[in-house]
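Asks: A single structure is presented below for examination.
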Amino acid sequence: MRKNSKAYLVGGGIGSLAAAAFMIRDAGLSGENIAILESAPAMGGSLDGAGDPVNGYSMRGGRMLTTDNYECTWDLFKSIPSLQIPGKSVFDETVEFNAEHKAYSMARLVDRRRAKVPVSSMGFSMRDRIELLKLSEADETDLAASCITDWLSPGFFETEFWYMWATTFAFQPWHSAIEFRRYLHRFVLEFSRIETLAGVKRTIYNQYDSLVLPLQTWLQGQGVRFVADCLVTDVEHKTVDDEFIVTGLHCHRNGETEVLDVNDNELVFMQNGSMTDASSLGSMTTAPAKLNKVFSGGWLLWEKLAQGRPQFGKPEVFNSCIAQSCWESFTVTLRNPAFFEQMLQFTGNQAGTGGLVTFKDSNWLLSIVLAHQPHFPKQPEDVQVFWGYSLFPDRIGDFVAKPMADCNGAEILQELCGHLRFDLETLTSANCIPCRMPYITSMFMPRSRKDRPLPVPRGSKNLGFISQFVEIPEDVVFTVEYSVRAAQIAVYELLGIDRAIPPVTPHDQSLRAQFEALIKALK
């Protein structure tokens, strides 16, 4: 174990923050020997949340949490003090909050008639059941590089189950059959309660303020150095006895580029790829700009490292088709309780208890969720915030004659009110900030086993990868857990930490879980 090592983390997302915490907590590294280099002005990566009641709040998304899974995440946050409740951990406050605000959706799907769709049945035909079972039991080598549509018939994609599963986890029919299978196994408990989202857990506030900020605060107290507005553009390296060794980092900051020397006994952890790379915000009067990886350079570092090194993966598998990985979200700030009151009357759910409401027949496949208020720590009592997203932003709307990708915030609200049959006056005080994310489901792209590197690639002496684009058996991407687990694996391996990493809980091996899933599938 290299207790006196220095470590550099490229990217300031939840994975890097978790890696820093594991190095301090489990390896005894001094926080002063750890530096986190982030190209953005703030830490947190995809777990963002910002704004104010005057200019509007904005968050690109919110990851689903459960306490039945997320083993590494809770292993970490049991050690991180809450910023809201003295003497409690982040885990403690989250459990207590969800005990008080239990999720149980009563309007999961809404159809074109504005009717709540009965969802006690999954809508499967016998053919759907047989094909779904075949896919779930297939070996990943047989599923390699195939799409969900290669295994399931067209009728499956019109079932109530598909609409709920797809919008809960953001799957598209053309996405990876491997990842879809992994989700069926990893979240088998959610399969049986997908219509109510009863297993979903939320944080007290948005996930930046409830997860990122407490972790960052704790790390700052340990002396960790945070270097914002610092873009790492290249990695210097050497090869000695077939070992890949990082020797320097090219950092662009304040208009200048400098080389940060890295010694052989120092460590580098890199975020390879980003699902929120090239994101852009719009406003009530403008649509988000249509950016791609060329504008941001977020994939460039991984692409350079992977050239001629198959053990570092294939970034082109994930970032080469925006049409298959893009969707758009929006955050709405209100100064009038009318919308929340009408949603309570329509759905029967108090804000924070209902989860997603999906308009299943909408061209955009539009969903919204009303979180418990306040959703930001300093949010005034007379202000409300809700979030929504669309899986098909390239389609013409039902009430607005243009694709969502070309819509400003006002037009998105017009489309939403059309599906709800709410008067536009309900949202007269609203500020809607749309967000386009061209690579948001890039990690769901069809892949083979060697397309993603291991957290510590074969032959690497001092480089680890921490992201949604590494290979971890059994676990699923597009979760906080995946980034945290990747961080724990990479840190433990490079530092030789003799402590067991919490395993993926085998809920899919539980006879009770299997029986409940069978009953649900037969309804």
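The values are calculated or read from the model by the stated rules, or taken from the named source; none is laboratory data. Keep in mind the model is a prediction, meaning the values are calculated, not measured. Positions of Cβ are backbone-derived with ideal geometry, glycine not excepted, and every protein chain shown enters the neighbour counts. Please note that ligands, DNA and RNA were not included when accessible areas were found on the heavy atoms of the full protein model with its side chains. Shrake-Rupley method; radii C 1.70, N 1.55, O 1.52, S 1.80 Å.
Asks: Would you kindly find the accessible area of ASP92, with a 1.4 Å probe and non-protein molecules such as ligands, DNA and RNA excluded, rounding to the nearest 10 Å²?
Replies: 60 Å²
Asks: Got a sec to turn the phi values of the range 65-81 into Karplus ³J(HN,Hα) couplings, 6.51 cos²θ - 1.76 cosθ + 1.60 with θ = phi - 60°, whole Hz, x for Gly and Pro?
Replies: Computed from phi, the couplings for the range 65-81 are 10, 9, 9, 7, 10, 6, 5, 6, 4, 6, 4, 6, 6, 5, 9, 9, x Hz.
Asks: Compute the distance from the alpha-carbon center of the range 25-44 to that of the range 192-262, in whole Å.
Replies: Taking the Cα centre of the range 192-262 as reference, the centre of the range 25-44 is 7 Å away.
Asks: So, one more: Return the sequence-ordered ³J(HN,Hα) values of the range 446-451 in whole Hz as given by the Karplus equation 6.51 cos²θ - 1.76 cosθ + 1.60 applied to θ = phi - 60°, using x for Gly and Pro.
Replies: Working through the residues one at a time gives x, 8, 10, 4, 8, 6 Hz.
Asks: Another question, if that's okay. With a 1.4 Å probe and all protein chains in place, put HIS375, HIS237 in order of accessible area, largest first.
Replies: Details: HIS375 25, HIS237 75 Å².
These residues rank, largest area first, as HIS237, HIS375.
Asks: Less than 16 Å from a label point 7 Å out along the Cα-to-Cβ axis of GLU341: which backbone N atoms in the range 404-437 qualify, by residue?
Replies: Residues passing the 16 Å test: 422-430.
Asks: Moving on. Which shape class applies to the range 66-194: rounded if a/c is under 1.5, otherwise prolate when a/b exceeds b/c and oblate if not, where a ≥ b ≥ c are the square roots of the Cα gyration tensor eigenvalues?
Replies: Working: a/c = 3.01, a/b = 1.55, b/c = 1.94.
The shape class here is oblate.
Asks: With charges only on Cβ, +1 for K and R and -1 for D and E, what is the dipole size of the range 242-353 about its Cα centre, in debye, rounded to 20?
Replies: Value, rounded to 20: 600 debye.
Asks: I would also like to ask the following. Can you tell me how the range 169-209 classifies by the Cα gyration tensor, rounded, prolate or oblate, using a/c under 1.5 as the rounded cut? The partial results should precede the final answer.
Replies: Values: a/c = 2.51, a/b = 1.52, b/c = 1.65.
Cα axes put the range 169-209 in the oblate bin.
Asks: Working from Cα positions, state the angle (0 to 90°, nearest 10) between the long axis of helix 338-347 and the longest principal axis of the chain.
Replies: 80 degrees
Asks: Per the helix-only calculation at 222 nm, which mean residue ellipticity applies to the chain, given -39500 (n - 2.57) for every DSSP H run of n ≥ 4 and division by its residues, nearest 500 deg cm²/dmol?
Replies: Working: 16 runs with 146 residues, N = 523.
The helix-only estimate for the chain comes to -8000 deg cm²/dmol at 222 nm.
Asks: Measuring from label point to label point, each 7 Å out along Cα→Cβ, what is the ASP241 to THR505 span in nm?
Replies: Each label point is offset 7 Å from its Cα along the Cβ direction, giving 4.3 nm.
Asks: Further question on the same structure: Using a 1.4 Å probe and counting only protein heavy atoms, arrange ILE36, ILE85 so the residue with the most accessible area comes first. Intermediate results must be reported in sequence, preceding the final value.
Replies: Values: ILE36 0, ILE85 50 Å².
From most accessible down to least: ILE85, ILE36.
Asks: Continuing with this model, one more query. Using only Cα atoms, locate the centre of the range 459-523 and the centre of the range 413-435, then give the distance between them in Å, rounded to an integer.
Replies: 39 Å
Asks: What is the chain's relative contact order, in percent, from Cα pairs under 8 angstrom and six or more apart in sequence?
Replies: Numbers: 1126 pairs, mean separation 125.5, N = 523.
Answer for the chain is 24 percent.
Asks: Return the whole-Å distance between the Cα centroid of the range 263-299 and the Cα centroid of the range 325-364.
Replies: A separation of 28 Å, based on Cα centres.
Asks: Also, quick follow-up: The list (i) 21, 49, 23, 6, 0; (ii) 21, 56, 23, 1; (iii) 22, 58, 20, 0 gives values of P(r) over Cα pairs in 20 Å bins from 0, in percent, and only one came from this structure; which label was calculated from it?
Replies: The value computed from this structure is option (iii).
Asks: If exposed means no more than 15 neighbouring beta carbons inside 10 Å and the site is in a DSSP loop, what's the longest run of the chain without any exposed chymotrypsin sites (Phe, Trp or Tyr not before Pro)? Don't skip to the end; give the middle numbers.
Replies: Values: sites that count: TYR104, PHE399.
The longest uninterrupted stretch comes out as 105-398.
Asks: Just for the range 1-130, what percent of DSSP beta bridges are antiparallel, to the closest 5? Let's see the in-between values first.
Replies: Details: 5 of 10 bridges.
Antiparallel bridges: around 50 percent, rounded to the nearest 5.
Asks: Taking N as the number of residues in the range 211-300, what is its Cα Rg relative to 2.2 N^0.38 Å? Please list the in-between numbers first.
Replies: Details: Rg = 17.1 Å, N = 90, 2.2 N^0.38 = 12.2 Å.
So the range 211-300 has a normalised radius of gyration of 1.41.
Asks: Specify which residue in the list VAL227, ALA289, LEU197 is farthest towards the positive end of the charge dipole of the range 181-301, using unit charges on the beta carbon of Lys, Arg (+1) and Asp, Glu (-1), about the Cα centre.
Replies: So the residue we want is LEU197.
Asks: To the nearest 10 degrees, how steeply does helix 177-186 sit against the main Cα axis of the chain, on a 0 to 90 scale?
Replies: 80 degrees
Asks: Would you kindly state how much longer the chain becomes between GLN84 and ARG112 on full extension, computed as 0.36 nm times their sequence separation minus their alpha carbon distance, in nm to one decimal? Don't skip to the end; give the middle numbers.
Replies: Details: separation 28, 0.36 × 28 = 10.08 nm, distance 4.19 nm.
Stretched fully, the GLN84-ARG112 segment lengthens by 5.9 nm.
Asks: Mind checking the range 321-423 for GluC sites (Glu not before Pro) that DSSP puts in a loop (not H, G, I, E or B) and that have at most 10 other Cβ atoms within 10 Å? Walk me through the intermediate numbers first.
Replies: Details: sites: GLU328, GLU341, GLU381, GLU411, GLU415; in loops: GLU381.
Those satisfying the criteria are GLU381.
Asks: How big is the range 301-417 on each of its three principal axes, counting only the C-alpha atoms and giving the largest first in Å?
Replies: Sorted from largest, the Cα extents of the range 301-417 read 58, 37, 23 Å.
Asks: If you don't mind, there's one more thing I want to ask. Once amide H atoms are built 1.01 Å from N in the peptide plane, which residues 5 or more positions from VAL456, or in another chain, come under 5 Å H to H?
Replies: Result for VAL456 returns PHE465.
Asks: Can you tell me how the range 76-141 classifies by the Cα gyration tensor, rounded, prolate or oblate, using a/c under 1.5 as the rounded cut? Write out the running numbers ahead of the final one.
Replies: Values: a/c = 4.57, a/b = 1.64, b/c = 2.79.
Oblate is the answer for the range 76-141, as a/c is 1.5 or above yet b/c matches or exceeds a/b.
Asks: Taking the alpha-carbon distance from LYS293 and a cut-off under 17 Å, which lysines remain once sequence neighbours fewer than 8 residues away in the same chain are dropped?
Replies: Candidates past the 8-residue exclusion: LYS304, LYS314.
Asks: Leaving out ligands, DNA and RNA but keeping every protein chain, what accessible area does ILE433 have, in Å² rounded to the nearest 10, with a 1.4 Å probe?
Replies: 20 Å²
Asks: Related question: Which loop trypsin sites (Lys or Arg not before Pro) in the range 218-310, with loop taken from DSSP, have no more than 14 other Cβ atoms within 10 angstrom of their Cβ?
Replies: Values: sites: ARG225, LYS238, ARG253, LYS290, LYS293, LYS304; in loops: LYS290.
Hits after loop and neighbour filter: LYS290.
Asks: With labels modelled as points extended 7 Å from the Cα through the Cβ direction, what inter-label distance (nm, one decimal) is found for VAL54 paired with LYS102?
Replies: For the pair VAL54/LYS102, the computed spacing is 4.3 nm.
Asks: Toward the positive end of the charge dipole of the range 329-401, about the Cα centre and with charges on Cβ (Lys, Arg +1; Asp, Glu -1), which of TRP364, THR331, ALA351 goes farthest?
Replies: THR331
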